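A short reminder: the numbers here are calculations on the coordinates, not readings from a lab. Note that this is a predicted model, so its numbers are computed, not measured. Neighbour counts run over all protein chains shown; Cβ positions are idealised from the backbone, glycine included.
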Amino acid sequence: MSRRPEERRRRWPSLWRLVPAICEVAVLVIVVLAAGVVAASLIRSGQSWLGFVPPLLVLIGIAAGYRLPWLGLVVVALAAPVAALVGEVPVGTWSMVCFAAFLFAMQWLPGWAVAAVLAPVNFVSAGDEVAAVVAGHVEA
């Protein structure tokens with residue numbers, strides 16, 4: 001006896017219902033791997049322990065976002081300027097912040113609010129890094 005297509009479709013969840021969960025897990029894995037890469041590069045280069053603070057801020061901000069999304073967003077926003085202040089090359093932190101922004105916009109907060117908070121902060125810290133490279137304080 002063959003089943004009708006409608007009955008088969010009801011047994012399995014729609015792919016569109018699974019996409020947000022798949023994206024959430026993928027973003028979390030990417031952010032954790034990026035934090036590991038940043039940590040490994042800091043250990044290998046022998047830099048100060050302060051370089052571990054920006055990736056930790058991103059991870060703490062994402063964790064806080066599950067309970068208090070606005071607080072989590074602010075903590076994530078602090079990561080890029082802290083990276084610039086401690087003298088770390090903040091490329092890894094910027095990547096983590098961008099993936100965290102996707103997660104915040106997808107799960108909890110309006111996209112315009114996430115962009116309004118994170119874009120200026122990343123732009124200013126990127127400008128600070130470019131200015132340091134141009135001035136010769138940091139090797140490109």
Check: Considering region 23-129, what Rg and Dmax in Å follow from its alpha-carbon atoms?
Finding: 12.9, 40
Next item on the list: Just add up the charged neighbours of Val38: K/R +1, D/E -1, any other residue whose Cβ is under 12 Å from the Cβ of Val38.
Entry: 0
Note to self: With the crude spin-label approximation of a point 7 Å out along Cα→Cβ, what separation in nm comes out for Val19 versus Trp70?
What the structure shows: 3.0 nm
Note to self: Using each residue's phi in region 83-99, evaluate 6.51 cos²θ - 1.76 cosθ + 1.60 at θ = phi - 60° and report the 3J(HN,Hα) Karplus result to the nearest Hz, with x for Gly and Pro.
What the structure shows: 4, 5, 5, 7, x, 7, 6, x, 5, x, 5, 4, 4, 4, 5, 5, 5
